[in-house]
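Everything below concerns the one structure shown next.
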Amino acid sequence: MIFGAFERMVAARYLRARRKEGFVSVIAGFSLVGIALGVATLIIVMAVMNGFRADILDRILGVNGHINIYPGVRESMITDYDAKAKLVAAIPGVVNVTPIIEGQVLAVSPATAAGTLVRGMRWEDMEKLSRVSDHIIDGSLSEFNGGDGILIGARMAERFGVRGGDELTLVSPKGNVTAFGTAPRSSTFQVSGVFNTDMSEYDSSIVFMPLALSQAYFKIPEGVTSFEVRVSDPDNARGIARQIETVLGPRVRVLSWEQTNAAYFNALAVERNVMFMILTMIILVAVLNVISGLIMLVKDKGSDIAILRTMGASRGMVMRVFFIAGASVGVIGTLAGFGLGLLFCDNIESVHQALRYLTGSEVFSPEVYYLTQIPAKMEWSETASIVAMALTLSFGATIYPAWRAAKTDPVEALRYE
């Protein structure tokens, strides 16, 4: 064994509070609590940020495709889209190809008017979009299937004061050409259903319309404005996008979800890294307390060290005694922090509800975070690296005080006692 029973016994005795060195034991206790809180906080924050990213990604890809295909720079639309869709669908890894008509319009109701995005889709593709089709909270998909009705989000319905069966007017800036210029085109549609994706950005700003109806409304009878492609492995979307470019040629632009949302997910990655660095400082502060506590312990135990040395204890034995004393604080604190972080992550929504009840306010607004509850996803590799980092820092903190104790000259230590 690296550490003998004698070293462990002496180290445990030094860590217990006694009258003379009680203050040193208090410092060790605060250091242990500091390490535990630092490790727990780091685990909790990283888990929440991982959960936030995974949940946002799931919701974004639940409404949007993994790959988007747009017309080339010199093209206004994609023609012969059914044939092109079959070519893309034949690529290994592609699950579904959806022709889309997209256009910005002004939605008008007696209550308000605001800009919104129209997305024209076929009924069979709309049915496969489970994030929307399985979350109809008012009305039904029957009118959409008939090719006449539109679907809007719950927050949009609330803001415009409409529900299933009501009418909503859409005004397109690309209107009819007259002798006096281009006049905006206005049409009134029946709201066949209201969906709730729990993603406020989509529930408040997207209108789904049957493909044929959107082609007639935007005057694009022979083409579509884009394709949405879903793949079996989202992490391989960029590789499949390159294959699509090869198949369809240079007259289209192909973007994977990583490219489409690059700014957003890069911002999340930067925030995550910065939070990791900042919260690591908590552990560093606690580790510095371990160093100061051990140095004070070495000074207080100068005569004990001298007696041990005169009784035959080697420098290595003395060094191991103080190494065990300091490492014990780090190991116990790290394990306590790991347990606390795991417990908090498993019950984070209960903690959220308790805070909301105690404060009487919404501490996690869906309008700000696009989510209705706090997500937490622990990645065990990341958690293991946090625990390993805390243990490494704790062990490293004991090296200098233990070395200083081992270098103590027993003659000099006893002379000043």
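Every number in this text was worked out from the coordinates using simple rules, so none of it is lab data. Here the structure is a predicted model, which means the values were calculated and not measured. Here Cβ is always computed from backbone atoms with ideal geometry, including for glycine, and neighbour counts include all displayed protein chains.
Data for the structure
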| quantity | calculated |
| --- | --- |
| Listed residue (L141, L340, L129) projecting farthest to the positive dipole end of the chain, Cβ model | L340 |
| Dipole magnitude (debye, nearest 20) for the chain, charges at Cβ of Lys, Arg, Asp, Glu | 2020 debye |
| Proximal charge balance of T79 [Cβ under 11 Å; K/R count +1, D/E count -1] | -2 |
| Ordering of 384-395, 223-234 by packing [mean C-beta count within 10 Å, highest first] | 223-234, 384-395 |
| Distant alpha-carbon pairs in the chain (separation over 33 angstrom), percent | 55 percent |
| Share of alpha-carbon pairs per 10 Å distance bin for the stretch 76-250, given as whole % | 10, 35, 33, 18, 4, 0 |
| Too-long pairs where the Cα-Cα distance tops 25 Å, listed order kept, from K86/K128; K128/K174; K128/K377 | K128/K174; K128/K377 |
| Dipole magnitude (debye, nearest 20) for the stretch 161-296, charges at Cβ of Lys, Arg, Asp, Glu | 440 debye |
| Helix axis angle, 5-15 relative to the chain longest principal axis, alpha carbon, degrees | 80 degrees |
| Largest to smallest principal axis extent of the C-alpha atoms in the stretch 107-180, angstrom | 45, 27, 18 |
| Neighbour-limited loop hits for trypsin sites (Lys or Arg not before Pro), the stretch 58-94 (at most 13 other Cβ within 10 Å; DSSP other than H, G, I, E, B) | R74 |
| Order by protection proxy (mean Cβ within 10 Å, highest first), peptides 206-214, 162-170 | 206-214, 162-170 |
| Hits among aspartates and glutamates - C-alpha to C-alpha of K84 under 14 Å, sequence gap 8 or more where chains match | E222, E228, E245 |
| Within the stretch 76-250: Cβ-based charge dipole about Cα centre, in debye rounded to nearest 20 (Lys, Arg +1; Asp, Glu -1) | 440 debye |
| Nearest-ten-degree value, helix 380-406 long axis tilted from longest Cα axis of the chain | 20 degrees |
| Whole-number D in µm² s⁻¹ for the stretch 32-90, Kirkwood Cα-pair radius fed into Stokes-Einstein, 10 °C, 1.306 mPa s | 101 µm²/s |
| Estimated [θ] at 222 nm from DSSP helical runs (n ≥ 4, -39500 (n - 2.57)) normalised by residues in the chain, nearest 500 | -18500 deg cm²/dmol |
| Percent RCO, i.e. relative contact order, over the stretch 96-141, from Cα pairs under 8 Å lying at least 6 residues apart | 30 percent |
| With Cα atoms, 0 to 90° folded angle of helix 262-300 axis to the chain main axis | 10 degrees |
| Where only C-alpha atoms are counted, convex hull volume of the stretch 20-149 per residue in Å³ | 259 Å³ |
